[in-house]
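Single-structure report; data block below.
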Amino acid sequence: MLVLLAGIFVVHIATVIMLFVSTIANVWMVGSSYYATISTGLWLLCNGTCTELPVSSQDEASLKAVQAFMILSIIFSVVALVLFIIQLFTLEKGKRFYMTGAVMLVCWMCILIAVSIYTARFTHTVAFATNPHHGYCFILAWICFCFSFIIGILYLVLRKK
């Protein structure tokens, strides 16, 4: 049981770190140009130097939603981690980690919404680039989506012994 708790804790910390990286780094979409590799993220367009991400007025609301939901997913994941630590020391034996699991599933839902909006609106749109493809941040966000779902379900099923 201790090994399972430690494993879930390690995967949860890895998920938080990957969420931070995928939200902060600007490599959601990557393309190539004549001069260099171009990458875009949630915040900047990088082509040798980074500048503000050019977004059309019709896509601006979608980008703000993706940014907001990724930030919310980080917040909920950190809250779930702190809640797990608190419940680990205060919960009575035999009780389940319902609150931690519920908060982690809210994190999962925020990641789902953010990455789905990004996939629908911004995939294959790298300004001034040819041959666009997904960057590592986009892939990390989907990995965090899977991990947060698995962790959330495990927290709901897990009992303190």
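Would you check if there is a residue in region 62-82 being in contact with a strand residue (DSSP E or B) (Cβ under 6 Å, 6 or more places away or on another chain) and not aromatic (Phe, Trp, Tyr)? Checked region 62-82: no residue is in contact with a strand residue (DSSP E or B) (Cβ under 6 Å, 6 or more places away or on another chain) and not aromatic (Phe, Trp, Tyr). Scanning region 47-81 for residues that are out of contact with any helix residue (DSSP H, G or I) (no Cβ under 9 Å at 6 or more places or on another chain) and within 27 Å of Phe147 (Cβ to Cβ) yields a single hit, Lys64.
Listed by position, the strands (runs of 3 or more DSSP E) enclosed by region 36-142 that each have at least 3 residues that are exposed (fewer than 15 other Cβ atoms within 10 Å of the Cβ) are 49-52, 130-134. From the list Glu52, Glu92, the one residue that fits, being more than 24 Å from Leu158 (Cα to Cα) and among the acidic types (Asp, Glu), is Glu52.
I want to confirm something. Restricting to region 7-35 and keeping residues that are part of a helix (DSSP H, G or I) and open to solvent by 50 Å² or more (accessible area, probe 1.4 Å), which single residue is nearest to Cys110 (Cα to Cα)? Here the residue is Phe20.
The values are calculated or read from the model by the stated rules, or taken from the named source; none is laboratory data. Everything numeric here is computed off the predicted structure, so don't read it as measured data. So basically every Cβ, Gly included, is an ideal-geometry build from the backbone, and we count neighbours across all protein chains shown. Ligands, DNA and RNA are excluded from the accessible area calculation, which covers all protein heavy atoms including side chains. Shrake-Rupley method; radii C 1.70, N 1.55, O 1.52, S 1.80 Å.
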